[in-house]
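Asks: Just passing along the structure, written as structure tokens.
The values are calculated or read from the model by the stated rules, or taken from the named source; none is laboratory data. This structure is a prediction, so every number in the text was calculated from the model and none was measured. With ideal geometry, Cβ positions are generated from the backbone for all residues, glycine too; neighbour counts draw on all protein chains shown. For the accessible areas, the whole protein counts, side chains as well, though only heavy atoms, and no ligand, DNA or RNA atoms are used. Shrake-Rupley method; radii C 1.70, N 1.55, O 1.52, S 1.80 Å.
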Amino acid sequence: MSRSIADQTVSELGGPGSVFVRQRNDHMELDRLLQELDGSTGTAQERVLRTIDRLVFSHAFAEETVLWPVIRRVLPDGEALTLQVEEEHQEVNELVAELETLDHDDPRRPERLARLVTVLKEDVRDEEDVMFPRLQEALDAKALRRLGLQWEVARRVSPTRAHPTVSRRPPGNAVSGLPLSLLDRSRDLVDAGVQHGPERLAPAGQAVSRGLAAVAGWVERVPLSRRGDQPPTSR
């Protein structure tokens, strides 16, 4: 029986540069953030959620553009395996997008937040316990390190926010990825400036952030950005 990558050494996973080691490091950071999220409220909760978003969405985009096509190519049931995780990614996108519209005292918020935590944990288990051990059987350490480099490059230029209507597969995610990444990361910088900068500049910063969000919404609505999805994740 295949062993979860959570239970293997760095050497067994192909070395420090292996895609599995890089993935597991992100999963460990996510677990730490989810523990920090538990019991948090108000602005502290928002701060942790923003950090989780930046980690999760860039991570998932790199998976969908680099790893999942390989799994579909080398595993006979790769289509079913990746579709299941893509559905989890889609639900995370939709939950985060909804949470962004809910006030802290909205009665729907605790249930949506709890569901988000559940789906994120399910996603990690499906990858570490099922998908990655199967991929490990099909690729050697050199290939895993090569994939690790490609994944890291993709992660560093990936969107950092929820985009529920964008395709989880090429060509949609490939076409929309770069413009959304530029817009998201620009918003991240602006929002950080609003949070830490002079209060008198906050209205201007908030206006800029809303403008960037509007442009991102336009990118999401471009028909080509939605092409490639399977019905379970198509919006």
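Asks: Going by the conditions given, is L135 within 20 Å of D26 (Cβ to Cβ) and not charged (D, E, K, R)?
Replies: Numbers: within 20 Å of D26 (Cβ to Cβ): yes; not charged (D, E, K, R): yes.
Against the criterion (within 20 Å of D26 (Cβ to Cβ) and not charged (D, E, K, R)), L135 qualifies.
Asks: Sticking with this structure for a sec: I need the full set of residues from the range 207-219 which are under 20 Å from the mean Cα position of the chain (by Cα) and over 18 Å from T101 (Cα atoms), in order please.
Replies: Scanning the range 207-219 gives a single hit, V219.
Asks: Restricting attention to the range 38-47, does a residue exist that is open to solvent by less than 10 Å² (accessible area, probe 1.4 Å) and either assigned to a helix (DSSP H, G or I) or without any contact (Cβ under 8 Å) to a residue 24 or more places away in the chain (or both)? So that I can check it myself, show each step before the final result.
Replies: First, the residues of the range 38-47 that are open to solvent by less than 10 Å² (accessible area, probe 1.4 Å): none.
No: zero hits.
Asks: Still on this structure, I have one more. Pairs, please: C-beta under 9 Å, at least 6 apart or cross-chain, first residue acidic (D, E) and in the range 3-16, second not in a helix (DSSP H, G or I)?
Replies: That search, which allows pairs on different chains as well, returns E12/R3.
Asks: Among the residues of the range 215-233 satisfying the criterion of being open to solvent by 60 Å² or more (accessible area, probe 1.4 Å) and modelled with pLDDT under 95, which is farthest from R185 (Cα to Cα)? Step through it out loud before you land on a result.
Replies: First pass over the range 215-233, keeping only residues open to solvent by 60 Å² or more (accessible area, probe 1.4 Å): 215, 218, 221, 223-224, 226-227, 230-231.
From the residues that got through so far, the ones that are modelled with pLDDT under 95 too are 221, 223-224, 226-227, 230-231.
Values: R221: 19, P223: 23, L224: 22, R226: 21, R227: 24, Q230: 28, P231: 29 Å.
My answer is P231.
Asks: For P16, state whether it is open to solvent by 20 Å² or more (accessible area, probe 1.4 Å), assigned to a loop (DSSP other than H, G, I, E, B) and at pLDDT 95 or above.
Replies: Values: open to solvent by 20 Å² or more (accessible area, probe 1.4 Å): yes; assigned to a loop (DSSP other than H, G, I, E, B): yes; at pLDDT 95 or above: yes.
When the stated conditions are applied, P16 passes them.
Asks: Which one of these is without any contact (Cβ under 8 Å) to a residue 24 or more places away in the chain, charged (D, E, K, R) and either open to solvent by 10 Å² or more (accessible area, probe 1.4 Å) or part of a helix (DSSP H, G or I) (or both): R185, R146, R161, R168? Explain how you work it out, then say what you get.
Replies: Numbers: R185 fails: without any contact (Cβ under 8 Å) to a residue 24 or more places away in the chain; R161 fails: without any contact (Cβ under 8 Å) to a residue 24 or more places away in the chain; R168 fails: without any contact (Cβ under 8 Å) to a residue 24 or more places away in the chain.
Only one candidate qualifies: R146.
Asks: Among what's in the range 191-233 and is touching a residue at least 60 places away in the same chain (Cβ under 8 Å) and in a loop (DSSP other than H, G, I, E, B), pick the residue that is nearest to P170 (Cα to Cα).
Replies: G228
Asks: Sticking with this one: Within the range 171-182, can you find the residues that are under 12 Å from V222 (Cβ atoms), assigned to a helix (DSSP H, G or I) and open to solvent by 10 Å² or more (accessible area, probe 1.4 Å)? Show your work before the answer.
Replies: Keep residues of the range 171-182 that are under 12 Å from V222 (Cβ atoms), which gives 171-172, 175-176, 179-180.
Those still in the list that are assigned to a helix (DSSP H, G or I) too: 172, 175-176, 179-180.
Of everything in the range 171-182, those that are under 12 Å from V222 (Cβ atoms), assigned to a helix (DSSP H, G or I) and open to solvent by 10 Å² or more (accessible area, probe 1.4 Å) turn out to be V175, P179.
Asks: Scan the range 58-117 for residues that are open to solvent by 50 Å² or more (accessible area, probe 1.4 Å), in a helix (DSSP H, G or I) and either of a type in the set (S, T, N, Q) or closer than 24 Å to V130 by Cβ (or both) and jot them down.
Replies: First, pick out the residues of the range 58-117 that are open to solvent by 50 Å² or more (accessible area, probe 1.4 Å): 72-74, 76-77, 79-80, 84, 87, 91, 94, 98, 100-101, 103-105, 107-108, 110-112, 114-115.
Cutting the leftovers down to in a helix (DSSP H, G or I) gives us 72-74, 79-80, 84, 87, 91, 94, 98, 110-112, 114-115.
Residues satisfying the conditions are R72, R73, V74, E79, A80, Q84, E87, E91, E94, A114, R115.
Asks: Moving on. Got at least one residue in the range 124-142 being over 29 Å from V215 (Cα atoms), among the β-branched types (V, I, T) and either open to solvent by 20 Å² or more (accessible area, probe 1.4 Å) or in contact with a Cys (Cβ under 9 Å, 6 or more places away or on another chain) (or both)?
Replies: As a first pass, look at the range 124-142 and keep what is over 29 Å from V215 (Cα atoms): 124-142.
Remaining after also requiring among the β-branched types (V, I, T): 124, 130.
Those left that are additionally either open to solvent by 20 Å² or more (accessible area, probe 1.4 Å) or in contact with a Cys (Cβ under 9 Å, 6 or more places away or on another chain) (or both): 130.
Yes, the range 124-142 has at least one match.
Asks: Then there's this: Do we find that T51 is buried (at least 18 other Cβ atoms within 10 Å of the Cβ) and under 16 Å from the mean Cα position of the chain (by Cα) in this structure?
Replies: Numbers: buried (at least 18 other Cβ atoms within 10 Å of the Cβ): no; under 16 Å from the mean Cα position of the chain (by Cα): yes.
Against the criterion (buried (at least 18 other Cβ atoms within 10 Å of the Cβ) and under 16 Å from the mean Cα position of the chain (by Cα)), T51 does not qualify.
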